[in-house]
Amino acid sequence: MEVVEKNISEKQLEYIQKGIAKGMSYQTYRDLVGDLAKNRQTTGEEQLESLINYTELNDRRMKRWDRTLKIPVDLQERIAKIDTKITFLVLSESWCGDAAPSLPVMNKITELNPNIEFKIVLRDENLELMDEFLTNGSRSIPKLIVFNKEAEEVVGEWGPRPSIATQMVEEYKREHGNLDSQFKQDLQLWYNKDKGQDILEDLVELLP
């Protein structure tokens, strides 16, 4: 998570505005992932079995998150008070495991305030935008860009994981080198136990 409030270059502004213009709504993205899962496909050119399996898994996970996610009343009130026109522009792919819990939280936030719009673009179709907003030099997703439309400024960046999960990943990498399948499973169990609250708190801190 990073609160930035920075002026952006003309190139970055162009890529952001293009992303917003062609970005999908959350419902369109959910329909896309659902159709891909149903047809044993995935986003991107590489139709690998592993990525297809992750797409199917993420479709089921997002259905559950959409149904069960709750936002505490105090945070609902804080979100509702935002009177600045901002856009959540996020880069994702259907197979991305960290996107499955994160995007439903972003959607719930934007549903609470008409001043906040939510647009989703696919990373591999928007590498020019992605490369302007890398995380530690990597094309990690999901990557959220919080854009103030009135001031034409990026007021925050987030991704690919909430703060506690990021700490878990860093500690595991220090001890084991790489993230293996067992850690990824443990991480999903943590997401389920946390119920989106760490993601939610991170994202609310990015709001103006």
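The values are calculated or read from the model by the stated rules, or taken from the named source; none is laboratory data. Since the model is a prediction, treat every value here as computed from it, not as a measurement. Note that each Cβ is placed from the backbone with ideal geometry, even for glycine, and that neighbours are counted across all protein chains shown. Remember, those area values only see protein heavy atoms, side chains included, never the ligands or the DNA or RNA. Shrake-Rupley method; radii C 1.70, N 1.55, O 1.52, S 1.80 Å.
List of remarks:
- Local electrostatic count at residue 165 - Lys and Arg +1, Asp and Glu -1, tallied over other residues with Cβ under 9 Å: -2
- Only helices enter this figure: runs of n ≥ 4 DSSP H residues, each worth -39500 (n - 2.57), summed and divided by the residues of the chain, yield -16500 deg cm²/dmol at 222 nm to the nearest 500.
- Placing a label point 7 Å from the Cα of residue 173 along the Cα-to-Cβ direction, the residues of the range 182-208 whose backbone N falls under 20 Å of that point are 182-191, 199.
- Those GluC sites (Glu not before Pro) in the range 135-201 that DSSP places in a loop and that have at most 14 other beta carbons within 10 Å: 150, 152
- Portion, in percent, of the accessible area of the chain that falls on carbon or sulfur, probe 1.4 Å: 45
- Here the range 29-178 is treated with +1 on each Lys and Arg Cβ and -1 on each Asp and Glu Cβ, and its dipole about the Cα centre works out to around 700 debye.
- Length available on full extension from residue 9 to residue 64: 0.36 nm per residue minus the Cα-Cα distance, which gives 15.9 nm.
- Cα gyration tensor shape of the range 1-131, rounded if a/c is under 1.5, else prolate or oblate by comparing a/b with b/c: oblate
- Acute angle (nearest 10 degrees) that the helix 26-38 long axis makes with the longest principal axis of the chain, alpha-carbon atoms: 20
- Against the chain, whose longest principal axis comes from its Cα atoms, helix 181-194 is set at around 50 degrees.
- Stretchable slack from residue 186 to residue 112, in nm (0.36 nm times residue separation minus alpha-carbon distance): 23.5 nm
- Per residue solvent-accessible surface (Å²) - the chain, probe of 1.4 Å: 51
- The range 1-74 and the range 130-149 have Cα centres spaced 13 Å apart.
- Entry note, the range 154-208: relative contact order of 63 percent, from Cα contacts under 8 Å with a spacing of 6+ residues.
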